[in-house]
1. Taking segment 150-175 as the search range and keeping residues that are hydrophobic (A, V, I, L, M, F, W, C), within 21 Å of residue 128 (Cα to Cα) and surrounded by fewer than 13 Cβ atoms within 10 Å (Cβ to Cβ), which one is modelled with the highest pLDDT?
2. Could you please let me know if residue 48 is at pLDDT below 90, in a helix (DSSP H, G or I) and within 16 Å of residue 298 (Cα to Cα)?
3. Given the conditions (1) free of Cβ contacts under 8 Å to residues at least 40 places away in the same chain; (2) not in a helix (DSSP H, G or I), and given that residue 254 satisfies all but one, which numbered condition is not satisfied?
4. Kindly list the number of the only condition in (1) outside any loop (DSSP other than H, G, I, E, B); (2) touching a helix residue (DSSP H, G or I) at 6+ places or on another chain (Cβ under 8 Å); (3) within 20 Å of residue 58 (Cα to Cα); (4) not aromatic (Phe, Trp, Tyr) that fails for residue 308.
5. Could you tell me which of the residues 144, 164, 127 is under 23 Å from residue 95 (Cβ atoms) and assigned to a helix (DSSP H, G or I)?
6. Pick from segment 236-249 the residues that are surrounded by fewer than 23 Cβ atoms within 10 Å (Cβ to Cβ) and touching a residue at least 60 places away in the same chain (Cβ under 8 Å): which of them is farthest from the chain's Cα centre (by Cα)?
7. Is one or more of the residues making up segment 267-274 of a type in the set (Gly, Ala, Ser), assigned to a helix (DSSP H, G or I) and surrounded by fewer than 22 Cβ atoms within 10 Å (Cβ to Cβ)?
8. So, in segment 250-266, exactly how many residues are of a type outside the set (A, V, I, L, M) and surrounded by fewer than 18 Cβ atoms within 10 Å (Cβ to Cβ)?
Amino acid sequence: MNKPVKSFLIFCVKLLVTLVPCYFVYNKIVCAPGWDTGDIWDLFTASSVLPLGIALGCLALSNFTGCLQWKLLLDKQNVHMGYWHLVKLYFVGLFFNNFMPGNVGGDVKKVYDVRMQGDQQTVGGGLTATFFDRLFGLFFLNVLALAVGALFFIRDPNQRLFLLPSFWVFVGFCVLFAGLFSKRIGRLLAWVSNKVFPRSVQERFLHFQERFQLYRNWRLWFHITVLSAVTQSLRVVVHFFCGIAVGLEIDVSWYFFFIPMISVISALPISIGGFGPRELLAQSLFERIGVPGLQSVVVQLLAYMVSLVVSLVGAVFFLTEKKKG
């Protein structure tokens, strides 16, 4: 199978994964008793402006703390670039994330920019730092869901079942980190991969793992844990204020329980921009606590719009750099 045909087939699969859940989301909304298109506009009032403004501010602030985490990881890879220059690259990456499957296009763009504008000769350092930055963000989101679930919902028989997916995702992350940071486990995985994949794959894995050894530093882990706590909490709070904007009055703890699960699903490169699976899961989860399907979907779309608006700063940086070039 040639490459263009393969790429087209993959796109068709992702389009299908996007459209099918969207159909079920739409169908559940329009089949609700008394549904009318005017219901969408009735969700918004003059009091919606302030919460949306706060959501914009929270997301913008989270990008600055997230960029600081990325810089710490780059520094450990001996990729030294100024913080404010990295902020520009970070926002440009956010802008590109809006149009790529699984929100990974921006990460590719960041790795490329670090390679072209940094002081390194290979893509390895930028790739390792960017990959671990994304990985640790998802890991910490999952930890948030587990922690909030254990604190508030473990005694609720209707909700504690949702701790199981978060628990197994947590275990999966721990196994992955063990493989990346433990030399013994890494050599074992490399030996296993050598039985399945070509020798070149084994060599690349070992080289990749060598770079991860630079992160075996407890002070670094403390710093990125604090930064992730701030960054990911702010991003969850964005959904909370989007909920307030459409008159949704539920405790913020529900967002810290449900949004991490939704974020992990939307980060998978199985749909276009995360659409479809994200809205279907959000609708299914929030429905369990009495939130109408329309509101739960609108909250997700508002959070996406907030992200898009904030990322437009990256579009400005990108166009400005292109003009300078």
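1. Of everything passing the filter in segment 150-175, 174 is modelled with the highest pLDDT.
2. Details: at pLDDT below 90: yes; in a helix (DSSP H, G or I): yes; within 16 Å of residue 298 (Cα to Cα): yes.
So residue 48 passes the test.
3. Result: residue 254 passes all but (2).
4. The failed condition is (2).
5. Every option except 127 fails the conditions.
6. Top of the filtered list is 247.
7. yes
8. 2
The values are calculated or read from the model by the stated rules, or taken from the named source; none is laboratory data. Quick caveat: nothing in here was measured; it's all calculated off a predicted structure. Note: ideal-geometry Cβ built from the backbone for every residue, glycine included; neighbour counts use all protein chains shown.
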